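Computed from the coordinates by the stated procedures, all read-outs in this text should not be read as laboratory data. On a predicted model such as this, the values are computed, not experimentally measured, just so you know. We place every Cβ from the backbone using ideal geometry, glycine too, and count neighbours over all the protein chains shown.
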């Protein structure tokens with residue numbers, strides 16, 4: 001995690017560092033990402049990086065946590081109380097991912113690379129730790145939605161949580177496969193991942209959510 005030296009940097013300088021570092025790790029897998037390229041782009045001394053972070057892994061973990069937090073804040077802008085049921089809300093959570101991709105493309109590209117393209121053994125143990133956090137969030141959701149009537153109260157919470165996580169993962173996998181050529185092309189061009197086929201993406205998500213609702217209602 002970042003040192004006090006990094007946290008005390010002027011906001012403009014700190015944000016510039018984050019942007020350049022994110023771009024490096026969004027464009028390259030962990031093993032081929034280069035601290036030297038970051039240093040060259042920022043025109044800073046090599047020692048500066050190690051005043052901010054212990055090593056390359058420390059920097060990568062910070063960027064991962066930073067990007068996940070940015071996405072979480074973006075998603076949490078949706079108010080569940082404004083939706084008639086959980087399923088319309090949950091559908092919009094996926095759609096919200098598109099606006100995150102458009103508004104914060106560097107974070108989006110970096111998280112996509114972590115999820116679908118990263119092959120480094122050094123970071124393998126950290127890639128799926130989001131599942132632990134997701135399970136905690138979904139457990140609270142399921143318990144609340146049983147009370148609200150969006151999920152059958154007779155379904156065991158742990159069963160519903162596992163099912164929703166599995167289907168959500170399947171949605172991500174299907175989207176990745178279905179739109180792989182578009183995504184890869186946009187990665188190369190350093191553009192937001194979902195600049196085209198947005199309506200088709202929405203339709204795919206809607207179909208999955210419909211099936212999920214029928215299974216758990």
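Could you line up 207, 91 from fewest to most neighbouring Cβ atoms inside 10 Å?
Least to most surrounded, the residues fall as 207, 91.
Rank the residues 109, 37, 46 as a footprinting-exposure proxy: fewest other Cβ atoms within 10 Å of their Cβ go first.
46, 37, 109
Could you state the angle between the C-alpha long axis of helix 157-178 and the longest principal axis of the C-alpha atoms of the chain, as a value from 0 to 90 degrees rounded to the nearest 10?
In the chain, helix 157-178 runs at an angle near 60 degrees to the longest axis.
Using r as the Cβ-Cβ distance of residue 169 and residue 9, and R0 as 25 Å, what FRET efficiency do you calculate, to the nearest 0.05?
Between residue 169 and residue 9 the formula returns 0.10.
Pop the C-beta distance of residue 122 and residue 156 into the FRET formula with R0 = 30 Å and round what comes out to the nearest 0.05.
Here the calculated transfer efficiency is 0.20.
Between residue 136 and residue 203, 0.36 nm times their residue separation minus their Cα-Cα distance comes to what?
The span from residue 136 to residue 203 would gain 21.3 nm if fully extended.
Could you list 142, 167 so that the one with the fewest beta carbons within 10 Å of its beta carbon is first and the one with the most is last?
So the ranking, lowest neighbour count to highest, is 167, 142.
Where does helix 198-216 land angle-wise versus the long Cα axis of the chain, in degrees 0 to 90, nearest 10?
50 degrees
Please list, in order, the residues from segment 104-144 whose amide nitrogen is less than 20 Å from a point placed 7 Å along the Cα→Cβ vector of residue 196.
It comes to 105, 109, nothing else.
Quick one: if you stick a label point 7 Å off each Cα along the C-beta vector at residue 46 and residue 144, how many nm between them?
5.0 nm
Can you tell me the 0 to 90 degree angle between the C-alpha axis of helix 105-116 and the longest principal axis of the chain, rounded to 10?
Result, in degrees: 70.
Taking 0.36 nm per residue of sequence separation and subtracting the Cα-Cα distance, how much length would be gained by fully extending the chain between residue 66 and residue 178, in nm to one decimal?
Gain in length upon complete extension: 37.5 nm.
Each label point is 7 Å from the Cα along the Cα-to-Cβ direction; what then is the distance between the points at residue 39 and residue 95, in nm?
Result for the modelled spin labels: 4.8 nm.
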